[in-house]
Amino acid sequence: MLRFVTFVDGSNLDGVLKHLNLRVDDYGAFYRHVFEQSVQYWGRTFAEGSPWPTAQHSRIYWYVVGKMDEWDLNDPKAESRLRARFEMNPRLRDAYVEEVLRSRPDLPAERRMEEAWNICFGETREWYDGKRRALERKKRFYHGVQSATDFVEIRQEGHWKVDLLHHSVNEKGLDTSLAVDMVALQETYDIALLISGDADGIPGINYVKGRAKHVGVAEFRKGSPADFPGKGTSSRLKIAADFVVQVYEADLLRRNLAYRAAEPDAQTSSSFGSTDPSY
């Protein structure tokens with residue numbers, strides 16, 4: 001019995017499906033398809049011409065964002081710290097001052113900085129509240145997936161590091177946790193399948209390969225197999241793996257494992273079933 005375990009970088013999967021303009025409702029069926037393809041690609045690589053052992057999909061570890069930097073924007077001290085950063089950032093500060101000049105050209109000069117900060121802080125508060133709501137939607141979404149799908153374990157190991165004034169987040173922790181677990185859990189599988197695009201996982205791949213484990217990497221492609229007569233280019237991650245599993249957009253659509261997402265301006269805010277529940 002060959003034991004397969006799948007390690008999923010949730011952000012990578014979200015990004016791939018968004019790039020393909022696909023949405024998934026039934027992740028159980030979706031992962032079964034990926035597993036079946038994995039068995040076929042493993043067999044062609046390691047057992048061509050001989051009977052293949054029975055394969056079992058033992059577990060899916062799905063790594064997602066579970067927390068973010070906490071700010072209490074109602075705390076005057078927090079606002080004061082942010083304002084100090086704002087005033088020390090000439091590019092950001094001047095952009096808001098210019099916005100004030102365009103919208104209120106008659107405003108006295110001594111009040112322009114205060115108004116610029118008020119606009120920036122108001123937008124920052126709105127953006128941060130939106131990110132907090134998005135994270136809660138993600139948590140509800142993944143809880144629903146885990147409850148409805150066999151063999152899925154959601155691991156909320158990721159963290160959003162927040163840049164409040166520039167309204168951006170930098171994701172931390174997913175790739176590290178995935179790589180650590182792939183090594184720590186090596187006795188529970190014979191073949192590890194990665195859904196990830198991060199080359200930081202290469203040392204973990206090499207480590208478990210050195211302990212007689214096989215490692216595959218899933219690659220999601222537009223179109224169908226007929227659209228790719230050649231091998232194409234290889235990333236460092238794919239080169240490090242033992243085999244690459246090609247999952248084609250056309251097969252996902254034909255088997256009703258995914259469907260076309262609406263255009264961005266027509267998408268709803270429904271979280272369950274969305275490939276990116278942050279909307």
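The values are calculated or read from the model by the stated rules, or taken from the named source; none is laboratory data. Treat the numbers as computed from the prediction; the structure is a model and nothing was measured. Just the protein is used for accessible areas: all its heavy atoms, side chains included, with ligands, DNA and RNA removed. Shrake-Rupley method; radii C 1.70, N 1.55, O 1.52, S 1.80 Å.
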In whole angstrom, the spacing between the Cα centers of the range 98-126 and the range 33-83 equals 43
Taking just the alpha carbons, could you work out the radius of gyration and Dmax for the range 120-218, both in angstroms? 17.4, 56
Calculated from the structure, log10 I(q)/I(0) by the Debye sum over Cα atoms at q = 0.07, 0.17 Å⁻¹ equals which of (1) -0.29, -1.47; (2) -0.23, -1.40; (3) -0.35, -1.33? (3)
Can you list the residues, at least 5 places off or on another chain, whose amide H is less than 5 Å from the amide H of ARG155, using H built in the peptide plane? TRP62, TYR63, VAL64
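Antiparallel DSSP bridges in the chain: what percent, to the nearest 5?
20
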Distant-in-sequence amide H partners of MET68 (H built 1.01 Å from N, under 5 Å): TRP160
Under 5 Å between amide hydrogens, which residues at least 5 positions from VAL245 or on another chain qualify, with H placed 1.01 Å from N in the peptide plane? VAL217, ALA218, GLU219
Under 23 Å between alpha carbons, and skipping anything fewer than 8 positions from LYS213 in its own chain: which lysines qualify? LYS238
Once phi is turned into ³J(HN,Hα) by the Karplus curve 6.51 cos²θ - 1.76 cosθ + 1.60 with θ = phi - 60°, what whole-Hz value does each residue of the range 53-68 show in order, with x for glycine and proline? x, 5, 10, 10, 8, 6, 6, 10, 9, 10, 9, 9, 6, x, 7, 8
When a/c is below 1.5 the answer is rounded, else prolate if a/b is larger than b/c, else oblate, so apply that to the range 163-246 with a ≥ b ≥ c taken from the square roots of the Cα gyration tensor eigenvalues. oblate
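Which whole-number percent is the relative contact order of the chain (Cα, under 8 Å, 6+ apart)?
31
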Accessible solvent surface per residue of the range 159-219, calculated while the other protein chains remain in place, 1.4 angstrom probe, Å²: 42
Tell me, what is the percent relative contact order of the range 152-257, built from C-alpha pairs under 8 Å that lie six or more residues apart? 21
